[in-house]
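Sharing a structure, written as structure tokens. Questions coming.
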Amino acid sequence: MKGAFADMLKILFVASEAVPFVKTGGLADVAGSLPKELAKNKSIDIRVVLPKYSAIPREFRDNMQHIYDGEISVAWRRKFLGVDLYEVNNVKYYFVDNEEYFSRGTLYGHFDDAERFSFFAKAVLEMLPKIDFMPDVIHVNDWHTALLPIYLKTQFADREGYDKIKTVFTIHNLKYQGIFGKDIMNDVLGIDWQYFDNGDLEFYGAVNFMKSGILYADKITTVSPTYAEEIQTEYFGEGLDGVLRANKQKLIGILNGIDIGNYNPRTDEALAKRFGKKHLRFRSDNKVALQEKLHLPIKRTAPMVAMVTRLVQAKGIDLVIRILDEALAQEEDMQFVLLGSGDKYFEDWFKELAFHRRANQVSVTTGFDEKLSRQIYAAADIFLMPSMYEPCGLSQMIAMRYGAVPIVRATGGLQDSVERYNKETQVGNGFVFDNYNAHELLFELQKAVALNRDVASWMQLVYNAMATDFSWKKSADTYKKMYQSL
Ligand code: ADP
């Protein structure tokens, strides 16, 4: 008799970071919330694998169950492989343990990243019999885990059960591809040179992890429908647009959601005053609290413009720098609040503005601060996200969930999540401009500040933003159908 378990769809989700364990960017949010949402489905058995970094907080590491100890080969060498298990939100998380590779101060940016992550991909395949879980689908994410499909289809192809496994590769950001010198072929990857010579791993004379993921995965997804189209063009393609066009029959875009339980202004303990979309009048208490905290003039009606972002060029920071002085001069009670870190040039420019030229209107905090980010989302009226490109973007969704109206450029997931507000029909949830141009941004900002003074229209717009459904439910359903189609 076939038991209930035999019919379950078995998914192994493999990522280099996931909330609540470790996070450096949007990938961790997705790897934290998509499996959790899929696990609510009784017909899916989804488990996740992560590296066991020393950066994972003690409260988790001390409570992991050690389930395997052994060795695997890395090219011609043998390396230790341990596997630990930790269960949270009804999802089993496996941790690949090897202190030499993962006991470091930071997750990425080490001289041996190629070796650390090729080891990780291989370790995941080696451990399947040890954890007694033969998945129907292995879902890998970004360049760090992109080698897994080629390992599966070459070195593991003749092992029992492995030939039935299908693979999905999700591109969260095409910019970071995992490109390394070809000398890693022999001593690190241990993959036959024929796969370099035939171009599957080769990219302008170097090895490209992401390219092999695109070629060897059975399905490729990316994090918004618009980005799926954009990356097939030269402007957004980062050199891989030709490869993506040639494989477009297996490429789809599925918009990310956000964890609406975690990001909920009605229950968020970081806020001075919690509020829902039907109690918008409480929202401005958060503005006053933030003004106090950041030593800005206390003024409930001052239009507050905010950004929570990595300070890198792709986020459109140069456009903001171009217009900010002018915008602040035009609107003397406007306030600008920034939380972000990244390029030193950008950090210094904003600090100079906040500490010298416009101390009365501007607050800048560099560093990563989850609590402050939530306080900003809940306090600001307007949230700027003028990205050059944006695969999906979570910040604009969190901003809308907390009632901060976004101004975005029409690209990637920003285009798929923000709809221009129309004052006549009262439909729409934000402001959108088309070209990567500072004047277009300034024009939308002026429009937003003007509308902010029209209290009735603004309340409607904030309501619309907060009422938009950014839950994972719909997207998780699309992922499920995609897995089943394999
Ligand atoms: P990306 O992954 O490209 O950085 P996303 O918009 O997809 O951009 O995700 C950014 C996430 O990181 C959001 O949850 C945002 O709130 C958070 N974030 C970015 N910078 C900071 C910061 N300095 N402090 C706290 N949270 C931040």
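Exactly one of these conditions fails for residue 391: (1) more than 10 Å from the ligand (Cβ to nearest atom); (2) in contact with a His (Cβ under 8 Å, 6 or more places away or on another chain). Give me its number.
(1)
Still on this model: Of these, 475, 395, which one is out of contact with any Phe, Trp or Tyr (no Cβ under 8 Å at 6 or more places or on another chain) and of a type in the set (Gly, Ala, Ser)?
Every option except 475 fails the conditions.
Let's see how each residue does on (1) basic (Lys, Arg); (2) in a strand (DSSP E or B); (3) closer than 17 Å to residue 12 by Cα; (4) at pLDDT 95 or above:
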| site | (1), (2), (3), (4) |
| --- | --- |
| 70 | no, yes, no, yes |
| 100 | no, no, no, yes |
| 106 | no, no, no, no |
| 123 | no, no, yes, yes |
| 139 | no, yes, yes, yes |
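Of all residues in the range 376-386, which are buried (at least 24 other Cβ atoms within 10 Å of the Cβ) and either within 11 Å of the ligand (Cβ to nearest atom) or closer than 15 Å to residue 224 by Cβ (or both)?
376, 377, 383, listed by residue number.
When both residues are 6+ apart or on different chains and their Cβ atoms are under 7 Å apart, which pairs have a first residue that lies in the range 215-241 and is on the phi > 0 side of the Ramachandran plot and among the hydroxyl-bearing types (Ser, Thr, Tyr), and a second that is in a loop (DSSP other than H, G, I, E, B) and buried (at least 17 other Cβ atoms within 10 Å of the Cβ)?
Sorted first by the residue in the range 215-241, then by its partner, the list stays empty.
Failed condition for residue 243, given (1) within 16 Å of the ligand (Cβ to nearest atom); (2) part of a helix (DSSP H, G or I), with all others met?
Evaluating residue 243 over (1) within 16 Å of the ligand (Cβ to nearest atom); (2) part of a helix (DSSP H, G or I) leaves (1) as the failure.
Residues checked against (1) of a type in the set (D, E, K, R); (2) farther than 19 Å from residue 483 by Cβ; (3) crowded, with 17+ Cβ neighbours inside 10 Å:
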{"residue": "7", "(1), (2), (3)": "yes, no, no"}
{"residue": "10", "(1), (2), (3)": "yes, no, yes"}
{"residue": "15", "(1), (2), (3)": "no, no, yes"}
{"residue": "25", "(1), (2), (3)": "no, yes, no"}
{"residue": "37", "(1), (2), (3)": "yes, no, yes"}
{"residue": "44", "(1), (2), (3)": "no, no, yes"}
{"residue": "48", "(1), (2), (3)": "no, no, yes"}
{"residue": "64", "(1), (2), (3)": "no, yes, yes"}
{"residue": "67", "(1), (2), (3)": "no, yes, no"}
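Do you know which residues across the range 93-114 are within 20 Å of residue 27 (Cα to Cα) and either loosely packed, with under 12 Cβ neighbours inside 10 Å or in contact (Cβ under 8 Å) with a residue 60 or more places away in the chain (or both)?
Listed by number, the residues that qualify are 93, 105, 106, 107, 108, 109, 113, 114.
When residues of the range 260-285 are filtered for being surrounded by fewer than 21 Cβ atoms within 10 Å (Cβ to Cβ) and in a loop (DSSP other than H, G, I, E, B), how many remain? If you could, list the steps in order and put the result at the bottom.
The initial filter retains those residues of the range 260-285 that are surrounded by fewer than 21 Cβ atoms within 10 Å (Cβ to Cβ), namely 260-264, 266-270, 272-274, 276-282, 284-285.
Filter once more, keeping what is in a loop (DSSP other than H, G, I, E, B): 260-264, 266-270, 272-274, 276-279.
The number of residues fulfilling the criteria is 17.
I need the full set of residues from the range 311-346 which are within 16 Å of the ligand (Cβ to nearest atom), surrounded by fewer than 18 Cβ atoms within 10 Å (Cβ to Cβ) and either part of a helix (DSSP H, G or I) or charged (D, E, K, R) (or both), in order please.
Within the range 311-346, 313, 314, 343, 344 meet the criteria.
Determine the pairs where a residue that is on the phi > 0 side of the Ramachandran plot and modelled with pLDDT of 95 or more, located within the range 382-393, has a partner that is more than 7 Å from the ligand (Cβ to nearest atom) and part of a strand (DSSP E or B) with Cβ atoms under 7 Å apart, the partner being 6 or more residues away or on another chain.
393/385
Listed here are the residues, each with its yes/no results for (1) within 20 Å of the chain's Cα centre (by Cα); (2) farther than 30 Å from residue 312 by Cα; (3) at pLDDT 95 or above; (4) aliphatic (A, V, I, L, M).
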residue: 3; (1), (2), (3), (4): no, yes, no, no
residue: 10; (1), (2), (3), (4): no, yes, yes, no
residue: 26; (1), (2), (3), (4): yes, no, no, no
residue: 29; (1), (2), (3), (4): yes, no, no, no
residue: 33; (1), (2), (3), (4): yes, no, no, no
residue: 38; (1), (2), (3), (4): yes, yes, yes, yes
residue: 50; (1), (2), (3), (4): yes, no, yes, yes
residue: 64; (1), (2), (3), (4): no, yes, yes, yes
residue: 67; (1), (2), (3), (4): no, yes, yes, yes
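Can you pull out the residues in the range 451-472 that are surrounded by 13 or more Cβ atoms within 10 Å (Cβ to Cβ) and part of a helix (DSSP H, G or I)?
451, 452, 457, 458, 459, 460, 461, 462, 463, 464, 465, 466
Here are some conditions: (1) more than 28 Å from residue 467 (Cβ to Cβ); (2) modelled with pLDDT of 95 or more. Residue 367 meets all but one. Which one does it not meet?
Exception for residue 367: condition (2).
Restricting to the range 22-54, name every residue that is aliphatic (A, V, I, L, M) and within 16 Å of the ligand (Cβ to nearest atom).
22, 27, 28, 30, 31, 34 - these are the residues of the range 22-54 that are aliphatic (A, V, I, L, M) and within 16 Å of the ligand (Cβ to nearest atom).
Report, ordered by the first and then the second residue, all pairs with beta carbons closer than 8 Å, sequence separation of six or more or different chains, a first member in the range 266-287 that is touching a residue at least 12 places away in the same chain (Cβ under 8 Å) and more than 19 Å from residue 382 (Cα to Cα), and a second member that is among the basic types (Lys, Arg) and assigned to a loop (DSSP other than H, G, I, E, B).
Cβ pairs passing all conditions: 268/274.
Looking at 359, 354 in this structure, which one is within 30 Å of residue 454 (Cβ to Cβ), touching a strand residue (DSSP E or B) at 6+ places or on another chain (Cβ under 7 Å) and either more than 12 Å from the ligand (Cβ to nearest atom) or outside any strand (DSSP E or B) (or both)?
354
Right, next: Could you tell me which residue of the range 400-417 is farthest from the ligand (Cβ to nearest atom), considering only residues that are touching a strand residue (DSSP E or B) at 6+ places or on another chain (Cβ under 8 Å) and within 17 Å of residue 316 (Cα to Cα)?
That would be 410.
Let me ask another. Sort out which residues of the range 175-201 are touching a strand residue (DSSP E or B) at 6+ places or on another chain (Cβ under 8 Å) and in a loop (DSSP other than H, G, I, E, B), and write them in order of number.
Matches in the range 175-201: 177, 178, 181, 182, 190, 201.
Using the structure shown, decide if residue 88 is of a type in the set (A, V, I, L, M, F, W, C) and surrounded by 18 or more Cβ atoms within 10 Å (Cβ to Cβ).
no
Here's another thing I want to ask about it. Pick from the range 362-375 the residues that are among the small types (Gly, Ala, Ser) and within 11 Å of the ligand (Cβ to nearest atom): which of them is surrounded by the most Cβ atoms within 10 Å (Cβ to Cβ)? It would help to see each step written out before you state the result.
Of all residues in the range 362-375, those among the small types (Gly, Ala, Ser) come to 363, 367, 373.
If we keep only those that are within 11 Å of the ligand (Cβ to nearest atom) too, we end up with 367, 373.
On the way: 367: 9, 373: 20.
Across the range 362-375, the extreme among qualifying residues is 373.
The values are calculated or read from the model by the stated rules, or taken from the named source; none is laboratory data. Predicted, not measured: the structure shown is a model, and the values here were computed from it. In this analysis, Cβ positions are derived from the backbone assuming ideal geometry, glycine residues included, and neighbour counts consider all displayed protein chains.
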